[in-house]
Each structure stands twice: as structure tokens, then as C-alpha cells.
Amino acid sequence: MKIFIAGATGAIGRYLLPRLTEAGHEVTAMTRSQNRMEQIRQAGAKPVVCDVFDRDHLKQAMVTAQPEIVIHQLTNLPQQIDPRRVEQALAQTNRLRTEGTEILMEAAKAAGTRRFIAQSVAFYYAPTGSLPATEDEQLYKNAPADFANIVHAVDQLEHTVLNTPGIDGTILRYGYFYGPGTAYAEDGSFTQEVRRRRMPIIGNGNGVFSFVHVEDAAIATILALNNKPGIYNIVDDEPAPIREWLPSYADMLNAPRPMRLPKLIGRLAAGRFGVYFMTEQRGASNKKAKEVLGWRPRYPSWRDGFRAALDTSTHRSSANNVSAIGVSS
Ligand SMILES: NC(=O)c1ccc[n+]([C@@H]2O[C@H](COP(=O)([O-])OP(=O)(O)OC[C@H]3O[C@@H](n4cnc5c(N)ncnc54)[C@H](OP(=O)(O)O)[C@@H]3O)[C@@H](O)[C@H]2O)c1
């Protein structure tokens, strides 16, 4: 098939691109950087240098590529997010999710695309209801003002993708990415903070995280190409509270045990957003992705996945010969 990927050079795009071309798809991949064109070519795809906000140029590129499927993996996230300034950290990503998605969809429609698959997240479900959250449950639309705009941007992205006439829309609500190129890599920002004992557990630590290895997320995305459109949580089998997984992670790193902070002090250190994620957020269920997409994560639990990812990153750093795009298992 002819496929257009926006966000081909990001954490998941890097895994996705070579797998799509190896599977025989004709892929056009977008980047804003001339320097990344060669990496895209090496992964077997055709590069297009374009900013998603350059509406005319994007439409022209899309009409030339004539994709049957558009995959939207655009974010613009800093490697490290200060939870006290989360609105600022996600401002660019909010714009990509709202305005960027609309521009991409408009270009896709002009090119006669029939299917649009977009990245969303599995960690903005409202903190009520059964555990773990299923796809038919509400997002946290009445989240506190500190991060309400972030949830609204995710909601708007999903609405555009699922409600554009003539387009089969698929939303992949990925869990927290880990693996090479993410904050949880050997040299990732989160890992460094855990090593320095700067990542405390706040309050009861009951906030439940659903993780997914970027490689598993890429495989689920490929399965979505030909399967029923709709919303899918792409998360591992074992949602876990931070009071459980963070000490395990520190052990794997031979790092000191994480500190515990009472909620009040945690609020000063991590803001309302940080406290919410550490005490209230819900994990998500992958039942639908398994049943409908036939997805079987290679790392069903973060327990094995974290360890494998750390081994891979260590190996990579020492080998020091892996291109930014050509990441493979
Ligand atoms: N579910 C999750 O946990 C999740 C999801 C996403 C990201 N993250 C984390 O966030 C961190 C950064 O993510 P990332 O490495 O994917 O990088 P990123 O900086 O967020 O960029 C992602 C992709 O979006 C493209 N992009 C951004 N703005 C664009 C624009 N205006 N026009 C066209 N393309 C644009 C980038 O392309 P170019 O830069 O090549 O132009 C890149 O391919 C990582 O630690 C990652 O794990 C986590």
C-alpha cells in the first residue's frame, strides 16, 4: 500500500518506518529537517521535508504521494517534562494535536486517502470507573485547569480523526513508551532522575501506569493498517501502581530506593499534574487490541520489558553504530 507517515523520525516512527518498508509498503515519510532525509532513505522510504503547519506545501506533498493510508505520529515533546510547567511543555504538542491534525486530515482528503491512523494516549482517562479503563470510557475532560488543555487537545485530535466523512479513522491510545529513544532508555531523562534519586513516590503512590515498549507499539500500528477502524488501547498486560513499578525499576538500575513524599510536599515539587499521575491516574486494558487486532505484545509486562530495553540501550551505547532511524529488534 501507499502510506504517508507524519512523525516518521520520532520515538515510534523510527521503529515503524523500516518495518513498513520491509513489509513491501511504498512509504513517504515527512520530516522538517533536511539532515534526516538520508536516514529516511536508508529505511527504504521517500523523504518529504515539510512542516505540518505549512498547509499548501503539505497538501502538495500529500497529493503527489497519493497515500491510501496516513499515519499521524506527530508530537513535539521535550526529552524531560517539568510537571510544574506541563502546559508549557506540551503547548507545541497541543497545537500539533489540534491544528496540525486538521491540516493533515485536509491534505489526506485532498489526496483521496481512505484511512487515517493517529497516535493518542492511554493515560488521560477520567479517574473514575472500573480498573483498567476500556476504550468506551470517558477521557478526563474536566481535569484540573493545570492540564485541562492537554486533555482537550487529545480529545480534539480523536474527534477529528473519528468524525471526518469518507475517512476510516483509527485512534491508537498508546501507553507510556519505553525502550530506546525514550525517557526510559539507559541514557533517558527519567532513568537519569531515578539514578539520582530525584524521582520520588508521592502520597500513596496508587497512580496506575500502563506501559508499552515502542517496538510493540509499532507492531500494533502495523496490525491496525488492515483491521477494523476505531479506538484501541495499546498497552501491556500489567497496569501497575507507581509504588510498585518505580522501586522495581530502581532495583534494575542498581539505583537507591525512591524517596516517599507526602502529598502536600509532592504538590510543591511536582504540581497538581504530578500528584494526579502519582496518586489517581488509571491504567488501561488491552483486551480489545488483542481480540480485534490480534496483537500480542512481545513484552507483556514492563517487568521483562524494562530489563530488555535497558540491556538493548546499553548494548547500543557501547556499539555506538546505530543510525537514528535504523533501530531494529
Ligand atoms: N505515549 C508516550 O509515552 C509518548 C508518546 C510520544 C512521545 N513520547 C516521548 O516524548 C519524547 C520525545 O518524543 P519523540 O522522540 O517522538 O520526538 P518529538 O520531538 O516529539 O517528535 C515526534 C515526531 O514529530 C515530528 N514533528 C514535530 N513537529 C512537527 C512539525 N511541526 N511538522 C512536521 N513534523 C513534526 C518530528 O519530526 P522532525 O523532528 O524530524 O521534523 C518527529 O518525527 C520521547 O521521550 C518519547 O518517548 C512518549
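The values are calculated or read from the model by the stated rules, or taken from the named source; none is laboratory data. What you see is a predicted model; the values in this text were computed from it and never measured. Positions of Cβ are generated from backbone atoms using ideal geometry, with glycine treated the same way; all protein chains shown enter the neighbour counts. Heads up: the accessible areas ignore ligands, DNA and RNA and are worked out on the full protein's heavy atoms, side chains in. Shrake-Rupley method; radii C 1.70, N 1.55, O 1.52, S 1.80 Å.
Assorted remarks:
- Amide H contacts under 5 Å for ALA284: ALA133, SER210, restricted to partners 5 or more places along the chain or on a different chain, H placed in the peptide plane at 1.01 Å from N.
- Radius 15 Å from Cβ of ARG55, net charge of other residues (Lys, Arg +1; Asp, Glu -1): -2
- Each of LYS290, LYS141 has its accessible area taken with a 1.4 Å probe; listed largest first, they run LYS141, LYS290.
- Among THR21, THR221, THR134, the order of accessible area from largest down is THR134, THR21, THR221, computed with a 1.4 Å probe on protein heavy atoms.
- With K and R counted +1 and D and E -1, the other residues having a Cβ less than 15 Å from that of VAL27 yield a net charge of +4.
- Taking every protein chain into account, the 1.4 Å probe leaves ARG195 with about 80 Å² of accessible area, to the nearest ten.
- Top of ASP51, ASP311, ASP136 by mean-square fluctuation, Gaussian network on the chain, Cα under 10 Å: ASP136
- Rolling a 1.4 angstrom probe over the chain with all protein chains present gives an accessible area of which 48% lies on carbon and sulfur atoms.
- For segment 77-117 versus segment 261-290, the inter-centroid distance based on Cα atoms is 23 Å.
- Relative contact order (%) - criterion: Cα under 8 Å, at least six apart; region: segment 146-237: 37 percent
- Note that the chain presents 43 Å² accessible area per residue, ligands and nucleic acids not counted, probe 1.4 Å.
- List ASP237, ASP304, ASP82, ordered by accessible area with a 1.4 Å probe, largest first: ASP304, ASP237, ASP82
- Put the Cα centre of segment 136-167 next to the Cα centre of segment 1-45 and the gap is 27 Å.
- Solvent-accessible surface (1.4 angstrom probe) belonging to GLU26, in square angstrom, nearest 10: 120 Å²
- Cut-off 13 Å between beta-carbons: net charge of the residues surrounding ALA65, Lys and Arg +1, Asp and Glu -1: +1
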